[in-house]
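A short worksheet on the structure shown next.
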Amino acid sequence: MVLAGTAVGVPTDARAATTRYEAESAPAVCGGFVASNHSGYSGSGFCDSSNAVGAAVQFTVSSPAAGAATVAVRYANGSSANRPADISVNGSVVRSAFGFEATGAWDAWTGKSLTVELAAGTNTVRLAATTSGGLGNIDHLEVAT
Ligand code: GCU
């Protein structure tokens, strides 16, 4: 059968998009140093934050509209301990001690996702370590709005 003259069945959703934000490059702010000594990262490296409570990496992300977004954090944690982080959006903690469990090696990267509410426009998403180990090595965020 030929369908002529009518657009069929393709929903258009202006909010359906996933954007990657690298931890090692602006506008992200890495509270430690940018490193590339463990392979498998995206972009040009990753954020190796300080081994301390409060060590942080902050991303600036944008959303076309206010609403829920899925934030996927790609990280590696070659230590033997969880490296949890408080997750803040626009300065308010929205998830306390979100787990970044051991991945077995510093070049074993994996993703952890959570859903957050974003405002329309520019938002900050900050990960701040809650234990003295600091954060795992943080590669990037992917934000699906
Ligand atoms: C090792 C590893 C680093 C990591 C650090 C840590 O030094 O090479 O990439 O950041 O451990 O414990 O945080």
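Brief remarks follow.
- SER42 crowded, with 18+ Cβ neighbours inside 10 Å and within 23 Å of THR18 (Cα to Cα): no
- Every listed requirement among (1) surrounded by fewer than 19 Cβ atoms within 10 Å (Cβ to Cβ); (2) within 16 Å of the ligand (Cβ to nearest atom) is met by TRP109 save one, (1).
- Condition met for VAL57 (within 19 Å of VAL125 (Cα to Cα), surrounded by 15 or more Cβ atoms within 10 Å (Cβ to Cβ), of a type in the set (Val, Ile, Thr) and more than 16 Å from the ligand (Cβ to nearest atom)): no
- Any pair with Cβ under 9 angstrom, 6 or more apart, that starts in segment 122-135 at a residue that is without any contact (Cβ under 8 Å) to a residue 40 or more places away in the chain and open to solvent by 20 Å² or more (accessible area, probe 1.4 Å) and ends at one that is within 10 Å of the ligand (Cβ to nearest atom) and in a loop (DSSP other than H, G, I, E, B): none
- Per this entry, VAL116 is not counted among residues that are open to solvent by 40 Å² or more (accessible area, probe 1.4 Å) and more than 11 Å from the chain's Cα centre (by Cα).
- Across segment 87-117, the number of residues qualifying as outside any strand (DSSP E or B) and β-branched (Val, Ile, Thr) comes to 1.
- Residues (buried (at least 20 other Cβ atoms within 10 Å of the Cβ), free of Cβ contacts under 8 Å to residues at least 60 places away in the same chain and in a strand (DSSP E or B)) located in segment 60-86: ALA85
The values are calculated or read from the model by the stated rules, or taken from the named source; none is laboratory data. What you see is a predicted model; the values in this text were computed from it and never measured. So basically every Cβ, Gly included, is an ideal-geometry build from the backbone, and we count neighbours across all protein chains shown. Accessible surface areas use protein heavy atoms only, side chains included; no ligands, DNA or RNA. Shrake-Rupley method; radii C 1.70, N 1.55, O 1.52, S 1.80 Å.
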